[in-house]
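Right, one structure below, let's go through it.
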Amino acid sequence: MKEWVPVLVLGAIAAGFAIFSIIAGALTGPKRYNRAKLDAYECGIEPTPQPVGGGRFPVKYFLTAMMFILFDIEIIFLYPWAVAFDRFAGLFGLVEMVLFIVTVFVAYAYVWRRGGLEWD
């Protein structure tokens with residue numbers, strides 16, 4: 001149980017900060033709303049009307065989101081793996097990690113060639 005005390009303390013601090021932030025925002029935030037404050041802000045340009053049902057997003061948004069997830073997962077698995085197996089992996093670990101990074105790079109190159117990183 002002693003091993004979980006720091007985790008519980010950190011969780012209590014995080015919960016306390018979240019509750020404090022919500023209460024402080026409610027107490028110090030603006031109280032009077034008008035039509036101008038509630039409208040969407042688009043740098044002074046009148047917002048364009050949206051189609052009923054929300055409309056469609058370009059595929060590039062989804063490609064960017066998928067790339068973020070892909071590289072985020074790579075980092076999540078890469079760092080703990082490197083720390084845990086820094087002494088034991090040897091050549092096999094190096095080859096395994098190179099194959100993993102090459103796989104991720106192939107996906108990145110594919111999206112780059114398809115124009116997923118270019119914004120019009």
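Annotations
- Residue list for the range 58-113, restricted to those being aliphatic (A, V, I, L, M) and not in a helix (DSSP H, G or I): Ala89
- Yes/no for Thr48 being of a type in the set (S, T, N, Q) and modelled with pLDDT of 80 or more: no
- Matching residues in the range 66-120 - criterion: being of a type in the set (Phe, Trp, Tyr) and surrounded by fewer than 10 Cβ atoms within 10 Å (Cβ to Cβ): Phe88, Trp119
The values are calculated or read from the model by the stated rules, or taken from the named source; none is laboratory data. Computed from a predicted structure; not experimentally measured. Neighbour counts run over all protein chains shown; Cβ positions are idealised from the backbone, glycine included.
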